[in-house]
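See structure below.
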Amino acid sequence: MRFMHLWPLFLLLLIPAVIIMYLLKQKAVAHSVPSLFLWNEMYRNKESDTPWEKLKKNKLLIIQIITILVLVFCLMSPYTSTENEASSNVVLLIDNSGSMSTELSNNRSRLDYAKNAARELVKTLDDNTAVTVIACSNRTTSLLSGSLDKAAVLSAIESIKPTMLSGNCEGGLALCNGLAAGNDSMKVTVFTDSPTSLGSLTGTIYNFSSPAENLSLDYVSSAQKKGKLTVIACVTNHGIKDVTGDINLYGDNELLDVSSYTLSAGESTIVYFDETGFEGTVIKAELNTEDALLYDNTAYCISSTKKNGRVLLLTSRNIYLKKAIELNANITLHETNDPETFSGEAAEGYDLCIIDGQDMLPELLPQECNLIFIQCDPGRFFELSEDIENIYLTLEDSPYTAGISNYSFGVTSVTPADQPIWAKSFISAGNKTAGFAGDCEGRKIGYIGFDLHSTDLPLDYRFPILIWNLISDLGNSDLLTTSGIYCGDTLRINSSTDDRMPTIIYPDGKKEALNSLPLIFKDTDTPGAYLLDKGDNKIEAFAVNFDTSESRIFSASAVANSAGDNAVVIDAQTASAKSYRPLIIILLLLIMAFEWFVYIKD
Amino acid sequence: MVYDDTFNAEFYKSLSLFRMNLKMRLAAGANGGRKSNAKGSSVEFSDFREYLPGDDIRRIDWNAYARFDRLFVKLFMEEKEGLFRIYLDGSASMNYGEKSKTVLAKQIAAALSYCILDHSDRVILNFLKKNKCETFKGVTGKQGFSKITDNLSSMQPEGENDLLKSICSQDIKLRGMSIVISDFYTEHLEDVIKYLAHKKQEIFLIQILSPEELHPELTGTFSLIDSETGRSLKVTGSSSLEKDYASAKDRFLRNIESLCKKYGAKYILANTEDSYETVLRG
């Protein structure tokens with residue numbers, strides 16, 4: 001039997017206090033009797049001369065001391081572990097994702113309890129047990145590998161810090177699967193608050209998920225409406241009580257508006273902020289109610305006040321393409337059938353130039369803007385193959401075909417290309433590609449290898465979606481590919497046509513210059529508004545938010561059901577397989593009832 | 001004299017209706033109103049016997065001679081005076097109780113005296129105090145009842161008293177009835193009864209206890225102080241203590257009863273909650 005806490009031992013000081021109170025209480029009151037004749041006859045054995053002898057015969061005192069001892073015992077949370085810890089190789093997988101920062105009790109987070117449980121577990125292990133410590137979220141960190149040094153293991157556990165990252169232990173378990181190869185005796189102990197499947201691994205899951213009163217600000221978003229900025233925010237109540245509160249809306253750190261909400265348990269609502277009149281960049285919404293998890297009480301977004309992208313369409317006649325492009329309200333389309341008018345530097349100032357057919361190819365290609373070639377050979381960027389007649393093409397999985405992939409359509413003639421290494425194919429033509437896009441020479445280049453008039457693709461609903469995705473990406477000359485990501489996500493930054501490297505400005509003002517291609521920014525652990533300085537006072541912004549999927553509270557049964565056949569799931573608040581606390585509480589109540597009975601009887 | 005409310009108007013009102021006959025066998029003593037075993041000269045016929053020379057010829061029943069032709073002499077009852085000694089315990093313990101035990105003791109003594117005087121018998125009051133016996137002058141006739149009440153009123157219990165020592169300090173010469181009114185907190189009660197029996201006394205013990213003694217209610221820790229000796233005893237109240245006390249009290253009362261049975265004494269246990277009439281009518 002072990003104990004979760006030792007601090008209740010201080011309560012043993014109550015025992016001398018109670019004894020002193022009894023000594024004080026038992027001051028004899030003078031009581032006159034006619035004669036001691038009868039009392040002497042019967043009370044010789046009951047006479048008590050010293051206080052200690054009085055205490056010896058005082059049933060109530062003895063019962064109260066027993067009550068204190070049982071209470072202390074109960075508060076120390078005794079438990080016995082039922083799992084077999086005699087394994088020679090133990091992996092401790094500690095979830096340090098954002099949800100583990102939820103307060104469990106006594107102002108201590110789930111992670112604090114998890115680390116404590118892990119420490120207690122390590123103390124019980126044999127000295128010959130090799131311990132591996134892994135911290136996991138959507139980023140897996142191996143802190144210690146196969147160590148026999150318990151002090152080092154405890155130190156590694158102590159070094160685990162809470163993060164605002166999303167995710168669970170899947171990455172860590174994948175690592176464990178690798179470690180378990182050829183090591184049948186390895187046991188995995190997972191400390192988490194999310195449903196986790198050990199799969200073929202053997203081990204224990206300590207579940208730290210517990211009911212908590214928590215609100216999450218799922219997202220905040222803004223849009224221009226009649227020249228005024230409209231902001232919406234989504235709030236979800238993950239607790240079991242109805243909640244009423246306020247959301248504060250800030251624009252560039254100045255309070256813009258406050259709005260109220262009322263939410264039943266488990267309910268979500270959208271809160272509107274109309275016509276804020278804000279013309280800045282960073283919008284922050286914040287719940288002004290403290291709850292179990294503070295990370296999800298704040299959300300950021302970047303005001304969508306940027307200018308429209310300018311697209312130049314060089315085509316003789318392509319109504320399908322024109323209508324599909326015009327569906328994008330953030331795009332300003334210019335159409336011409338005279339390629340020489342926009343030859344060379346004449347096309348500068350456009351974000352994207354679409355050249356529809358070989359006859360629309362200008363003598364000099366624009367130097368800076370992005371380009372999409374439709375069945376024409378620019379003579380550079382990529383190599384074309386021989387034409388293929390009457391072939392079925394397929395929409396491939398790619399960022400441009402999300403949700404519409406695996407669709408085949410026929411064309412009468414296609415000019416495929418060998419896929420350049422810088423491009424990502426989105427239309428396949430057998431083992432070649434008939435549509436691709438990617439970064440090349442500091443700008444984005446796209447290619448569609450068939451005339452849109454020679455296919456029925458424009459008649460399908462997938463066509464405008466494909467064009468929307470292409471234009472949204474290539475019709476934007478901004479370096480940032482998105483204005484919002486979650487903590488821990490990687491941000492891809494478009495490269496510039498000039499040689500200047502952008503600088504990231506963190507929410508706390510720290511600056512970091514990006515110095516290698518491709519431009520990827522990974523240090524997004526902290527939520528807030530980040531700035532991307534491109535030089536020449538050109539600054540873009542993006543928001544990093546806490547992923548509110550971490551705000552979900554899972555039931556013990558959900559965790560137990562997902563654990564797998566080889567896993568033992570333990571309600572880890574007591575960090576024990578079998579806690580004696582309920583039994584002791586019952587015993588305590590019985591003792592108190594007995595004390596009451598004795599009190600009444602006496 | 002200390003003012004005493006024992007004999008108030010209510011007491012006298014109830015006493016006027018109170019009648020009690022104390023039976024006592026008498027063979028000697030002064031002439032009185034109580035029938036004696038001896039034949040005497042009272043007006044009450046008792047028996048006949050044949051005339052013997054020397055008999056008073058005035059007592060010959062001439063009608064019997066006419067019928068039987070033999071001389072018979074009429075015998076009459078001898079009436080003697082009964083002698084009642086009332087011993088009243090004067091120790092401080094008799095002052096105990098919400099209604100003092102002394103009050104009931106005095107009322108019982110007065111009521112008995114009233115009845116005794118009503119039967120033309122003699123009452124001698126004795127006050128047992130500080131191991132001595134204070135004996136008042138014997139009283140006869142109803143007119144002497146006021147003396148009895150005066151004497152009783154003057155009695156104030158105090159201090160320690162040994163019942164045996166105080167009773168034995170009096171030399172009892174005449175046969176009679178000794179009525180002892182006390183709480184009998186003594187280890188020598190048998191010696192007291194023996195002494196009185198030896199002095200040819202009919203013995204009547206009246207034990208007076210208060211409800212506080214019969215059923216004490218003690219919760220907490222107490223220092224019990226003996227009202228006579230001042231000695232103390234510390235006890236902690238509990239249900240088991242009350243049980244032990246009750247069993248000791250029962251043993252004590254049973255012992256007195258068995259002693260009385262053994263020596264042919266009468267015994268009454270009186271509770272101060274009861275009136276003297278209830279006590280004496282049993």
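Could you tell me how many of the residues in segment A:245-262 are part of a loop (DSSP other than H, G, I, E, B), within 14 Å of A:Glu279 (Cβ to Cβ) and of a type outside the set (D, E, K, R)? First the steps, then the outcome.
Filtering segment A:245-262 down to residues part of a loop (DSSP other than H, G, I, E, B) leaves A:252-253.
Now narrow it down to the ones that are within 14 Å of A:Glu279 (Cβ to Cβ): A:252.
Filter once more, so that each one left must be of a type outside the set (D, E, K, R): none.
Summing the residues that are part of a loop (DSSP other than H, G, I, E, B), within 14 Å of A:Glu279 (Cβ to Cβ) and of a type outside the set (D, E, K, R) in segment A:245-262 gives 0.
Being in contact (Cβ under 8 Å) with a residue 12 or more places away in the chain, of a type outside the set (Asp, Glu) and surrounded by fewer than 18 Cβ atoms within 10 Å (Cβ to Cβ) narrows it down to one of B:Leu189, B:Leu163, B:Leu253, B:Leu196, so name that one. Outline the logic, then answer.
On the way: B:Leu189 fails: surrounded by fewer than 18 Cβ atoms within 10 Å (Cβ to Cβ); B:Leu163 fails: surrounded by fewer than 18 Cβ atoms within 10 Å (Cβ to Cβ); B:Leu196 fails: surrounded by fewer than 18 Cβ atoms within 10 Å (Cβ to Cβ).
B:Leu253 is the lone residue from the list that is in contact (Cβ under 8 Å) with a residue 12 or more places away in the chain, of a type outside the set (Asp, Glu) and surrounded by fewer than 18 Cβ atoms within 10 Å (Cβ to Cβ).
From (1) in a strand (DSSP E or B); (2) among the β-branched types (Val, Ile, Thr); (3) surrounded by fewer than 19 Cβ atoms within 10 Å (Cβ to Cβ), pick out the condition that doesn't hold for A:Ile205.
Condition (3) is where A:Ile205 drops out.
Conditions (1) among the hydroxyl-bearing types (Ser, Thr, Tyr); (2) assigned to a helix (DSSP H, G or I), marked per residue:
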site: B:Val123; (1), (2): no, no
site: B:Lys137; (1), (2): no, no
site: B:Ser146; (1), (2): yes, yes
site: B:Val180; (1), (2): no, no
site: B:Leu196; (1), (2): no, yes
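Among the residues of segment A:152-185 satisfying the criterion of being modelled with pLDDT of 85 or more and part of a helix (DSSP H, G or I), which is surrounded by the most Cβ atoms within 10 Å (Cβ to Cβ)?
Within segment A:152-185, the match that is surrounded by the most Cβ atoms within 10 Å (Cβ to Cβ) is A:Val153.
Out of the residues in segment A:208-238 meeting the condition of being outside any strand (DSSP E or B) and touching a strand residue (DSSP E or B) at 6+ places or on another chain (Cβ under 9 Å), tell me which one is nearest to A:Asp296 (Cα to Cα). If you could, list the steps in order and put the result at the bottom.
Step one: list which residues in segment A:208-238 are outside any strand (DSSP E or B), which gives A:208-214, A:226-227, A:238.
Still in the list and also touching a strand residue (DSSP E or B) at 6+ places or on another chain (Cβ under 9 Å): A:208-210, A:212-214, A:238.
Numbers: A:Phe208: 19, A:Ser209: 17, A:Ser210: 17, A:Ala212: 14, A:Glu213: 12, A:Asn214: 9, A:His238: 11 Å.
So the residue we want is A:Asn214.
I'm told A:Leu384 meets every condition in (1) out of contact with any Leu (no Cβ under 7 Å at 6 or more places or on another chain); (2) closer than 20 Å to A:Leu470 by Cα except one. Can you identify the failing condition by its number?
Of (1) out of contact with any Leu (no Cβ under 7 Å at 6 or more places or on another chain); (2) closer than 20 Å to A:Leu470 by Cα, only one is false for A:Leu384: (2).
Go through (1) in the same structural domain as A:Leu92 (by TED's automatic domain parsing); (2) modelled with pLDDT under 85; (3) of a type outside the set (Val, Ile, Thr) one by one and return the number of the condition A:Gly227 breaks.
(1)
Here is a list of conditions, (1) surrounded by 13 or more Cβ atoms within 10 Å (Cβ to Cβ); (2) of a type outside the set (A, V, I, L, M); (3) more than 17 Å from A:Asn288 (Cα to Cα), and A:Cys234 meets all of them except one; can you say which number that is?
With (1) surrounded by 13 or more Cβ atoms within 10 Å (Cβ to Cβ); (2) of a type outside the set (A, V, I, L, M); (3) more than 17 Å from A:Asn288 (Cα to Cα) applied to A:Cys234, the lone miss is (3).
Exactly one of (1) among the hydroxyl-bearing types (Ser, Thr, Tyr); (2) part of a loop (DSSP other than H, G, I, E, B); (3) more than 10 Å from chain A (Cβ to nearest Cβ) is unmet by B:Tyr267. Its number?
Answer for B:Tyr267: the failing condition is (2).
So how many residues does segment B:199-210 have that are more than 12 Å from chain A (Cβ to nearest Cβ) and either free of Cβ contacts under 8 Å to residues at least 40 places away in the same chain or not in a strand (DSSP E or B) (or both)? Write out each step before concluding.
In the first step, residues of segment B:199-210 are kept if they are more than 12 Å from chain A (Cβ to nearest Cβ); the result is B:199-207.
From what's left, either free of Cβ contacts under 8 Å to residues at least 40 places away in the same chain or not in a strand (DSSP E or B) (or both): B:199-200.
Of the residues in segment B:199-210, 2 are more than 12 Å from chain A (Cβ to nearest Cβ) and either free of Cβ contacts under 8 Å to residues at least 40 places away in the same chain or not in a strand (DSSP E or B) (or both).
Can you give me the number of residues within segment A:269-301 that are free of Cβ contacts under 8 Å to residues at least 60 places away in the same chain, in a strand (DSSP E or B) and closer than 21 Å to A:Ala541 by Cβ?
Matching residues across segment A:269-301 total 1.
Filter segment A:398-419 down to residues that are aliphatic (A, V, I, L, M) and part of a loop (DSSP other than H, G, I, E, B) and give me whichever is modelled with the lowest pLDDT.
At the first step, the residues of segment A:398-419 found to be aliphatic (A, V, I, L, M) are A:402, A:404, A:411, A:414, A:417.
Keeping just the survivors that are part of a loop (DSSP other than H, G, I, E, B) gives A:402, A:404.
On the way: A:Ala402: 84, A:Ile404: 89.
That would be A:Ala402.
Which one is surrounded by the most Cβ atoms within 10 Å (Cβ to Cβ) among residues in segment B:213-228 that are facing another protein chain (nearest Cβ under 7 Å) and part of a loop (DSSP other than H, G, I, E, B)? It would help to see each step written out before you state the result.
In the first step, residues of segment B:213-228 are kept if they are facing another protein chain (nearest Cβ under 7 Å); the result is B:213, B:220-228.
Keeping just the survivors that are part of a loop (DSSP other than H, G, I, E, B) gives B:220, B:227-228.
Details: B:Gly220: 15, B:Ser227: 20, B:Glu228: 22.
That would be B:Glu228.
Does A:Gly245 count as farther than 30 Å from A:Ser109 by Cα, surrounded by 13 or more Cβ atoms within 10 Å (Cβ to Cβ) and among the small types (Gly, Ala, Ser)? Steps first, please.
Values: farther than 30 Å from A:Ser109 by Cα: no; surrounded by 13 or more Cβ atoms within 10 Å (Cβ to Cβ): yes; among the small types (Gly, Ala, Ser): yes.
Answer is no for this residue.
Given (1) at pLDDT below 85; (2) more than 18 Å from the chain's Cα centre (by Cα); (3) more than 14 Å from chain A (Cβ to nearest Cβ), where does B:Leu280 come up short, assuming only one miss?
Only one criterion in (1) at pLDDT below 85; (2) more than 18 Å from the chain's Cα centre (by Cα); (3) more than 14 Å from chain A (Cβ to nearest Cβ) is unmet by B:Leu280, namely (2).
Out of B:Lys243, B:Lys249, B:Lys234, report the one residue that is outside any strand (DSSP E or B), at pLDDT below 85 and within 14 Å of chain A (Cβ to nearest Cβ).
Values: B:Lys249 fails: at pLDDT below 85; B:Lys234 fails: outside any strand (DSSP E or B).
From the options B:Lys243, B:Lys249, B:Lys234, the qualifying one is B:Lys243.
For A:Ile325, indicate whether it is touching a residue at least 60 places away in the same chain (Cβ under 8 Å), part of a helix (DSSP H, G or I) and either touching a Phe, Trp or Tyr at 6+ places or on another chain (Cβ under 9 Å) or buried (at least 22 other Cβ atoms within 10 Å of the Cβ) (or both).
Values: touching a residue at least 60 places away in the same chain (Cβ under 8 Å): yes; part of a helix (DSSP H, G or I): yes; either touching a Phe, Trp or Tyr at 6+ places or on another chain (Cβ under 9 Å) or buried (at least 22 other Cβ atoms within 10 Å of the Cβ) (or both): yes.
Spelling it out, A:Ile325 is indeed touching a residue at least 60 places away in the same chain (Cβ under 8 Å), part of a helix (DSSP H, G or I) and either touching a Phe, Trp or Tyr at 6+ places or on another chain (Cβ under 9 Å) or buried (at least 22 other Cβ atoms within 10 Å of the Cβ) (or both).
Are any residues in segment A:368-397 surrounded by fewer than 18 Cβ atoms within 10 Å (Cβ to Cβ), within 43 Å of the chain's Cα centre (by Cα) and either of a type in the set (S, T, N, Q) or not in a loop (DSSP other than H, G, I, E, B) (or both), and if so, which ones?
Listed by number, the residues that qualify are A:Tyr392, A:Thr394.
Among the numbered criteria (1) part of a loop (DSSP other than H, G, I, E, B); (2) under 16 Å from the mean Cα position of the chain (by Cα); (3) more than 14 Å from chain A (Cβ to nearest Cβ), which one does B:Asp171 miss?
All conditions pass for B:Asp171, except number (2).
The values are calculated or read from the model by the stated rules, or taken from the named source; none is laboratory data. Values in this document were obtained by computation on a predicted structure and should not be read as measured data. Note that each Cβ is placed from the backbone with ideal geometry, even for glycine, and that neighbours are counted across all protein chains shown.
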